Amino acid sequence: MASDSTLKRVLNWLSRKVAIVFLLGFLRVFEKEGLSIKKLTQEGPYRRIGIIDGSFMGSHYLVALNLSGKIDYPVMVEECEKRGKELPTATVLLRNAKKLLGRSFPDLLLFDSLYFNKPHFDLIRKELDTHLLIKSSDPSFREVLKDADFFFLNKDIVDVPIVEKEGFDPVRICSWKIQITSGDFAGYPIQIAHLTEYYPKRNKDKHPEAWIVTTDLSLSPAELREAAHLRWHVENNVFKRISHLSGTKRFYFKDSVPFFNLLRLFFAAIAAYDILLYILKRNEKEFKALLNGIKPTWKNIFSQIAETFEENVFGIEKSGW
């Protein structure tokens, strides 16, 4: 692990603008390979989905935008001035993203309950002209959720339209039930859903629940559920992954400028790697030969790619020079 001063010296030549442009540079291939869109369900339409979330790395607070298509692409990241400034930082990031991403800007943005407020709804719907979905765990957080909770509990006596859907998820091995009604928040029509799941093989948290609010009235019950699960991608596939591979959670970094330059390089690296991996997987025979019996983890595959590159480009044998 290099020291703060060493990294600062090495990264001194890299400007913030260049690091931002470099990270955005993978958009073209992201679009060309069809990785920017995904279906939430097999029957649903293709969508462009983005996830906004905050984190704490290298002693700095930050907000990141992850484009969640067929792969995850953490395309933008901004420093928070201090703790508690996630919302204004996210506002600046989203406005910049609208200008810089062009047609890659999401038509559905996923948030946690921190963003459940009128200014944020106005930003997303009026200014950015896209849709939002919020996942929350507390029905008492907003009056509109408390009203929906009352409707669901008294569905036999209230004259309110309620949609109910049940299913079984063979991938996550759980059964699920969702109740949906309509409502209004900050002057915008919304769908309000209460999701309950049952995981029989879990020892803890067998019955997780979630509240889902969205301005996208076209989302089906199954799509609402998948979108709620998808929100975890930025945490699991970006933040935890970067921390595991590079130690960003544990490493104290005093100077924010070189740290965020480095973080953007890390984000670019996992985007490039995932794009390459997706392309390789299209050729099943070649991908199997690349793996050569190893477990397909990030480190194992990266090692195999590096060795293959050395052999083909530099003529280096695995056994030595």
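Need one word for segment 67-182: rounded, prolate or oblate. Basis is the Cα gyration tensor (sqrt eigenvalues a ≥ b ≥ c); a/c below 1.5 gives rounded, then a/b vs b/c decides. Verdict is prolate for segment 67-182.
Helix 256-281 and the longest principal axis of the Cα set of the chain meet at an angle near 90°. Model label sites at LYS98 and VAL163, defined 7 Å from Cα along the beta-carbon direction, differ in position by 2.8 nm. Using only the Cα atoms of the chain, build the gyration tensor, take square roots of its eigenvalues as a ≥ b ≥ c, and label the shape rounded, prolate or oblate: rounded if a/c is under 1.5, else prolate if a/b is larger than b/c, else oblate. Verdict is prolate for the chain. What does the net charge come to around PRO45 if you take all other residues with beta carbon closer than 12 Å to its beta carbon, with K and R at +1 and D and E at -1? Taking every Cβ under 12 Å from that of PRO45, the sum is 0.
When ILE37, ILE275 are sorted by how many other C-beta atoms sit within 10 angstrom of their C-beta, beginning with the fewest, the order is ILE37, ILE275. For the charge dipole of the chain, defined by +1 on Lys and Arg C-beta atoms and -1 on Asp and Glu C-beta atoms about the Cα centroid, which residue among ALA90, GLN42, TYR278 has the Cα displaced farthest towards the positive pole? Highest projection toward the positive end goes to TYR278. Net charge of the neighbourhood of SER55, taken over other residues with C-beta under 10 Å away and scored Lys/Arg +1, Asp/Glu -1, is -1. Roughly what angle does helix 298-309 make with the longest principal axis of the chain, taking Cα atoms, 0 to 90 degrees, to the nearest 10? It works out to around 40 degrees. Here the 3J(HN,Hα) profile of segment 162-174, calculated from phi with Karplus coefficients 6.51, -1.76 and 1.60 at θ = phi - 60°, is 10, 9, 10, 9, 10, x, 10, 9, x, 7, 8, 6, 8 Hz, Gly and Pro shown as x. Length gained on full extension, ARG172 to SER303, computed as 0.36 nm times the residue gap minus the Cα-Cα distance: 44.2 nm. Magnitude of the charge dipole for the chain, about its Cα centre and with charges confined to Cβ atoms of Lys, Arg (+1) and Asp, Glu (-1), is about 940 debye. By the count of other C-beta atoms within 10 Å, a proxy for reagent exposure, HIS60, HIS244 are ordered fewest to most as HIS244, HIS60. Checking the cross-link pairs LYS85/LYS126; LYS126/LYS155; LYS118/LYS249; LYS39/LYS165; LYS70/LYS288; LYS126/LYS249 against a 29 Å limit on the alpha carbon distance flags LYS126/LYS155; LYS118/LYS249; LYS126/LYS249 as lying beyond it.
Enter the angle in degrees (range 0 to 90, nearest 10) between the Cα long axis of helix 143-153 and the first principal axis of the Cα atoms of the chain, meaning the one along which they spread out most. Approximately 70 degrees, to the nearest ten. Going from the residue with the fewest nearby Cβ atoms within 10 Å to the one with the most, ASP107, ASP216, ASP205 rank ASP205, ASP107, ASP216. Here the chain carries DSSP beta bridges of which approximately 85% are antiparallel, counting only pairs with both residues inside. Based on the alpha-carbon gyration tensor of segment 22-103 and its eigenvalue square roots a ≥ b ≥ c, which shape applies: rounded if a/c is under 1.5, prolate if not and a/b is larger than b/c, or oblate? Because a/c hits 1.5 or more and a/b exceeds b/c, segment 22-103 counts as prolate.
Laboratory data are not the source of any read-out in this text; all were calculated from the coordinates shown. The model shown is predicted, which means the values in this text are computed figures rather than measured ones. Cβ coordinates were reconstructed from backbone atoms using ideal geometry, including for glycine residues, and neighbour counts include every protein chain displayed.
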